[in-house]
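First up is the structure itself, then whatever we jot down about it.
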Amino acid sequence: MTARDTAAVRRNRDADWDAWPVDAYLAENYRRVHPCDRGVIHHHSAFYRRFAPGTLARTLELGAGPNLYPLMLAAGASRRIDALEPGAASLAYLRRQLTQGPEDSWESFYALARALDPALPATLAEALTRVHPVHGDAAGLPDGRYDAASMNFVAESVTEDRAEFTALCDTFVRAVRPGGQLVAAFMERMPSYRIGSGPVWPACPVDAAALRAVFAPRTTALRISRLAKDRTLPEYGDTGILLLTAARPAA
Ligand SMILES: C[S@@+](CC[C@H](N)C(=O)[O-])C[C@H]1O[C@@H](n2cnc3c(N)ncnc32)[C@H](O)[C@@H]1O
């Protein structure tokens, strides 16, 4: 038996999400458009371009954190984007971006998003007027509220417990109405990780087979693709990024 086998499995409630290191996380991941961001943006933009502008009444970003690019990508198709986030520091950052204007570093993300989807508003600030930060976590989500839902680096990056990972994905699927649409990104095979020199955050390594096992019984039109590991990011122990689209089966 290894030390890892005997170590206590850290569950979602065991981490202090209020203390998420927003500045360090942005510095490591989102101060410029990394190759993996470009890949996720291309994938998610194609998802949102399936819908005519403004035809999704209400959509969800589950575990939004301080990442603005999934929110801006939704702003062409969606009239209202609920950015659900349990962490106080991330929520405060999101609210500041909306009330005081987005930091300049997000403009290059928006330029790419808008080049791919001309239905996006002329400015990032205008796109963000559709975003409503909501304090809460996956457990509080009602069944079937949303036309579409997006989740980026959350279910696999917030618990070491495989059953809890599955439950988070299940909640994500059930957040949309029957026939509602899903788009997501997951770190591939990432173990628990650090941001900078901070504490270790719990994660659950998943591969495409693990995603298929969770999503195939719960969804239709499941598509999973992969981005190569991005060597311009810090070493998080991942092997790349997995991208997913699917739909909740119609009633
Ligand atoms: C690795 S970060 C990803 C943030 C962001 N989605 C991104 O693309 O960078 C994980 C996020 O999930 C949030 N989170 C943790 N537990 C959660 C839960 N039970 N329900 C919803 N979000 C949760 C954290 O607060 C954090 O913002």
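If a residue must be more than 16 Å from the ligand (Cβ to nearest atom) and in a loop (DSSP other than H, G, I, E, B), how many such residues does the stretch 53-64 contain?
So the answer is 5.
Within the stretch 200-217, the residues that satisfy the criterion of being surrounded by 12 or more Cβ atoms within 10 Å (Cβ to Cβ) and part of a loop (DSSP other than H, G, I, E, B) are Pro202, Ala203, Cys204, Pro205, Val206, Asp207, Ala216.
Every listed requirement among (1) modelled with pLDDT of 95 or more; (2) within 27 Å of Arg49 (Cβ to Cβ) is met by Pro217 save one, (2).
Of the helices (runs of 4 or more DSSP H) lying entirely inside the stretch 78-167, those carrying at least 3 residues that are over 21 Å from His42 (Cα atoms) are 88-99.
Yes/no per residue for (1) modelled with pLDDT of 95 or more; (2) within 17 Å of the chain's Cα centre (by Cα); (3) in a loop (DSSP other than H, G, I, E, B); (4) crowded, with 21+ Cβ neighbours inside 10 Å:
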residue: Met1; (1), (2), (3), (4): no, no, yes, no
residue: Arg13; (1), (2), (3), (4): yes, no, no, no
residue: Leu26; (1), (2), (3), (4): yes, yes, no, no
residue: Pro66; (1), (2), (3), (4): yes, yes, yes, yes
residue: Pro70; (1), (2), (3), (4): yes, yes, no, yes
residue: Leu73; (1), (2), (3), (4): yes, yes, no, yes
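Can you confirm whether the stretch 37-46 contains a residue that is assigned to a loop (DSSP other than H, G, I, E, B) and either surrounded by fewer than 15 Cβ atoms within 10 Å (Cβ to Cβ) or on the phi < 0 side of the Ramachandran plot (or both)? Outline the logic, then answer.
Of the stretch 37-46, the ones assigned to a loop (DSSP other than H, G, I, E, B) are none.
No, the stretch 37-46 contains no residue that is assigned to a loop (DSSP other than H, G, I, E, B) and either surrounded by fewer than 15 Cβ atoms within 10 Å (Cβ to Cβ) or on the phi < 0 side of the Ramachandran plot (or both).
Reported count of residues in the stretch 120-129, each being of a type outside the set (Asp, Glu) and surrounded by fewer than 20 Cβ atoms within 10 Å (Cβ to Cβ), is 5.
Would you mind finding the one in Thr232, Thr220 that is surrounded by fewer than 22 Cβ atoms within 10 Å (Cβ to Cβ), within 29 Å of Ala19 (Cβ to Cβ) and of a type outside the set (A, V, I, L, M)?
After ruling out the rest, the residue left standing is Thr232.
The values are calculated or read from the model by the stated rules, or taken from the named source; none is laboratory data. Since we're looking at a predicted model, the values are computed, not measured. Positions of Cβ are backbone-derived with ideal geometry, glycine not excepted, and every protein chain shown enters the neighbour counts.
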